[in-house]
1. Could you tell me how far the Cα centroid of the range 84-131 sits from the Cα centroid of the range 387-427, in Å?
2. Which three numbers, in whole Å and largest first, are the semi-axes of the equivalent ellipsoid of the chain derived from its Cα gyration tensor as √(5λ)?
3. Just to be sure I understand: with springs between alpha-carbon atoms less than 10 Å apart, which residue in 65, 201, 78 has the highest mean-square fluctuation in the Gaussian network model of the chain?
4. Return one number: the angle in degrees, 0 to 90 and rounded to the nearest 10, between the long axis of the Cα atoms of helix 128-142 and the longest principal axis of the Cα atoms of the chain.
5. Where does the chain land at 222 nm, in deg cm²/dmol rounded to the nearest 500, when only DSSP H runs of n ≥ 4 count, each adding -39500 (n - 2.57), divided by all residues?
6. Based only on other Cβ atoms within 10 Å, what is the fewest-to-most ordering of 383, 417?
7. If contacts are Cα pairs under 8 angstrom and at least 6 residues apart, what is the relative contact order of the chain in percent?
8. Enter the per residue convex hull volume of the range 378-427, computed from alpha-carbon coordinates, in Å³ rounded to the nearest integer.
Amino acid sequence: MASSTAVFGSTGLTGAHILSILLSSGSPATVQTISRRAPKSAGPTLQATIEPDTSLWASRLATLTPAPTTVISAVGTTRAAAGGLPNQWKIDHDLNVELAQAAKKQGVRNFVFISSDGIRGPLIGRLPYSRMKQGVEDTIKGLDFEHAIIVKPGAILGTREVPHQGSFLVNGLIAAASWLGVKDKIGQDAEVIARAAVHATRLAEQGKAPSKYWELKQADIAEPTTNGADRPLIIGAPTGPEPPYPLPMEGKVIAGFGRGSKELGIPTANIPVDEFSPQKQWITDIDSGVYFGWAALRLPPSHPDHVSSSPSSSGFTIYPMVMSIGYNPFYKNTVRSAEVHVLHRFAADFYGVDMRLLLTGYIRQEKDYAGLEALIADINFDCEVAKRSLDRPAWKPREGVVVGAAGAVVADGTLDCSWLLRPIGER
Ligand SMILES: Cc1cc2nc3c(=O)[nH]c(=O)nc-3n(C[C@H](O)[C@H](O)[C@H](O)COP(=O)(O)O)c2cc1C
């Protein structure tokens, strides 16, 4: 039976990331949402239902076709947004309970709930926020799903007042955090939680969950650091890339073996490594391994992620990227490939599109792994290394439009990336 996942809370911070991850990975075959407003992400696998009346969501769940095999609820609001505690209770508690019960009735196999950590202490456990979450968790546990996953992050910053290790993060603090410029970090936190939730969901669907009722605590959610403890999060001097970098590369995006999206949840855009490519001078000699840098894509106006940029950019838009060059020892490929993972969630594929690359540095050697999870954890760590290393003035492009955590912005760095924006045919 084709799998289908229904996401509730898809217009909230964490839910939006969950939706975007599911859509961009092309798995499951169908992603359904029921939300008050239209979700921001789009994609061929999405079936979105708009239902402004949340009291109808549970009954709407029963009418979804195909019937979802997995339901993920990231439903939650703030007391302020709800207009008081009783209204917040209706959403954070009652709606989640109704959804879990309706899901069970419909034969949903896996139920995933984005809850919160630190809600069961002797004092904190008596707070209304804690009691709402406890009520939902206990209901889900009692419903005896094939798998129930409770994701328990510390604070999902930016969304609400959350008891966090005995203290309260109030909205003023969050506003101050945004004002101080750590908003990207806030967005990332929700993205990290979303990635952990989707990853755990996939494991459960594959029968690999460690237990029927699985609580994902803060340490399970955090970006991988243990296997990266011996490797730095920032690579290269603050003064910018050093020779032989930056290295240019280009080609039209071709299909790989297709495992990237499906198995890893990490889509890759491959470019040909052959004797006709401009990179042939160095690509055969360069060490196999993981690199980071910038990718420029010339997406057609019909592509959902197309960004209209200045004429001088020749239709190219710049994104941060990580890249693997080599034989993928985990998969034991016999041909050398050059695979780019662009650090952006695209709403649609872009095979055949012109891609330019500027490799700015080397992260690590390719490795073989005991299991898929370890490979995914290492690649996620690579992504973090790339993001942080590139987020410095001397590593950021000085021209063009760059799509990063804050959306599409005019380049504000000092790195000469003119190669990325040159008209096609010009070297
Ligand atoms: C940043 C990054 C790091 C990677 N590191 C490794 C690695 O250490 N070992 C490995 O076997 N494959 C590595 N890969 C390659 C993945 O295994 C590869 O993307 C996967 O085989 C999917 O390829 P496909 O889409 O062509 O099927 C890496 C890929 C990326 C994007």
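Laboratory data are not the source of any read-out in this text; all were calculated from the coordinates shown. If you're wondering where the values come from, they're calculated on a predicted model, not measured in any experiment. Using ideal geometry, Cβ is built from the backbone for each residue, glycine included, and neighbour counts are taken over all protein chains shown.
1. 43 Å
2. Listed largest to smallest, the semi-axes of the chain are 39, 23, 21 Å.
3. 65
4. For helix 128-142, the angle is close to 90 degrees.
5. About -8000 deg cm²/dmol.
6. 383, 417
7. Relative contact order comes out at 14 percent.
8. About 100 Å³ per residue, rounded to a whole number.
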